[in-house]
Amino acid sequence: MEFVSIFKHALMISFFVFVMMLLVDFIDTTSNRRVSDIIKGGKWRQYTLSSFFGSIPGCLGAFMNVSLYVRGVIGFGAVVGGMIATSGDEAFVMLSQFPGTALILFGLLFVCGIIFARISDGIVDVLGITPCSACLDAQCVECESDMKDNIKISDIFQPNNFFINLKTISFTRFLLFALTISFTVLVASGNLGPDSWGWKRITFICLSLITLYITAVVSEHYMHSHIWDHILKKHIMRVFLWSFAALLFVHWGLSAWDLGLIVKQHMWLVLVIAALISIIPESGPHLIFVMMFAQGLIPFSVLFTSSFVQDGHGMLPLLSYSIKDALLIKVFNLGFGLAVGGILFAMGF
């Protein structure tokens, strides 16, 4: 029975992440990503905007910062700050588990991103580090692919799109409709999610309806390239598996041995391990610390350290352009994260 409960919990988390990622991607696409002209300017504007982009849940903000960095639009410090502010797909999970604390965390990471971006630039000025000269004209493959859609706001609210897409419905669109409708029915009937009617159940149903609408009006290219191939196949399956594994681990740890006592007795070690695991350029492994915080097993400082150092898989595009720069950014973030996280832990947070 516990296994089924954990499975349902992981499913709810994954659906919330899916809808949030879909909304962020949809809004990003309809805005045509006209950010280069906005972000160009003084250092402090770069620090602020790159940290803001990094604060956007998911990987889009991090990908955007990498694309701007390799084209020479922003400097090294700005991309360091952006990665500090980035929490990857875990941001969506945190919003679903403890939204109030998550927003506070995102705000702190945003401020830290700006501060440590300036500190990083001060350090690299001494070391003489410059952006990768071999890739200044390169572009993030993900972002370049997205530009093919060129969706306009006026196109989104065309009723004809809905009927045309339904008339010539593809298997992918039909499958997404079926999955979303099934999820809505399960939530409305109480078989999945909250046991009774309240703001949580209403929120999930509203999100389902939004998903159905977007699924109905977007083009086939957007449907396959963005929703199916990118969000579902690259992100959501991993989020579900890691969420399920993390929930199962925490439940098993609490029932098999006193996980809370063991963690409490070695909290400094847990903080260091959280930072080291966060070096991995991937969303997933860090979810265990999100779940442990949600269960009250670790303090805010450990969650903060994990979120500070990790950047989901936002670093992956940069690895294909400059391994040296990517590793250097990770070293900066690890050092800053351990320092700030250690101070918060010593202060009792």
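The values are calculated or read from the model by the stated rules, or taken from the named source; none is laboratory data. Source: prediction; values computed, not measured. Using ideal geometry, Cβ is built from the backbone for each residue, glycine included, and neighbour counts are taken over all protein chains shown.
So that you can scan it fast, the table gives a plain yes or no per residue for (1) farther than 18 Å from A85 by Cβ; (2) part of a helix (DSSP H, G or I); (3) modelled with pLDDT under 80; (4) touching a strand residue (DSSP E or B) at 6+ places or on another chain (Cβ under 9 Å):
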{"residue": "F308", "(1), (2), (3), (4)": "no, yes, no, no"}
{"residue": "I329", "(1), (2), (3), (4)": "no, yes, no, yes"}
{"residue": "L344", "(1), (2), (3), (4)": "no, yes, no, no"}
{"residue": "F349", "(1), (2), (3), (4)": "yes, no, no, no"}
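List pairs: first in the stretch 87-99 and of a type in the set (S, T, Y), second in a loop (DSSP other than H, G, I, E, B) and at pLDDT 85 or above, Cβ under 8 Å, 6+ apart or cross-chain?
Here the result reads S87/Q310, each pair linking the stretch 87-99 to a residue that is in a loop (DSSP other than H, G, I, E, B) and at pLDDT 85 or above.
Looking only at helices (runs of 4 or more DSSP H) that fall completely inside the stretch 1-86, which ones have 3 or more residues that are surrounded by 16 or more Cβ atoms within 10 Å (Cβ to Cβ) and at pLDDT 70 or above?
2-30, 43-55, 60-70, 76-85
Which one of M94, M147 is modelled with pLDDT under 85 and assigned by TED's automatic domain parsing to the domain that holds K8?
M147
For the condition farther than 26 Å from L186 by Cα and modelled with pLDDT of 80 or more, what is the one hit in L254, L259, L271, L212?
Residue meeting the stated conditions: L271.
Condition first: farther than 15 Å from F171 by Cα and polar (S, T, N, Q). Now tell me which residues in the stretch 190-232 satisfy that.
If the condition is that a residue be farther than 15 Å from F171 by Cα and polar (S, T, N, Q), then N191, S196, T203, S208, T211 are the ones that fit.
Sort out which residues of the stretch 221-239 are at pLDDT 75 or above and within 12 Å of F92 (Cβ to Cβ), and write them in order of number.
Filtering the stretch 221-239 down to residues at pLDDT 75 or above leaves 221-233, 236-237.
Of everything in the stretch 221-239, those that are at pLDDT 75 or above and within 12 Å of F92 (Cβ to Cβ) turn out to be I231, I236.
Among the numbered conditions (1) touching a strand residue (DSSP E or B) at 6+ places or on another chain (Cβ under 6 Å); (2) at pLDDT 80 or above, tell me where G312 comes up short.
Going through (1) touching a strand residue (DSSP E or B) at 6+ places or on another chain (Cβ under 6 Å); (2) at pLDDT 80 or above one by one, G312 breaks only (2).
If you scan the stretch 87-105, which residues turn out to be assigned to a loop (DSSP other than H, G, I, E, B) and under 25 Å from S322 (Cα atoms)?
If the condition is that a residue be assigned to a loop (DSSP other than H, G, I, E, B) and under 25 Å from S322 (Cα atoms), then S87, D89 are the ones that fit.
Could you look through the stretch 175-204, keep only residues that are among the hydroxyl-bearing types (S, T, Y) and at pLDDT below 85, and pick out the one that is nearest to S5 (Cα to Cα)?
S196
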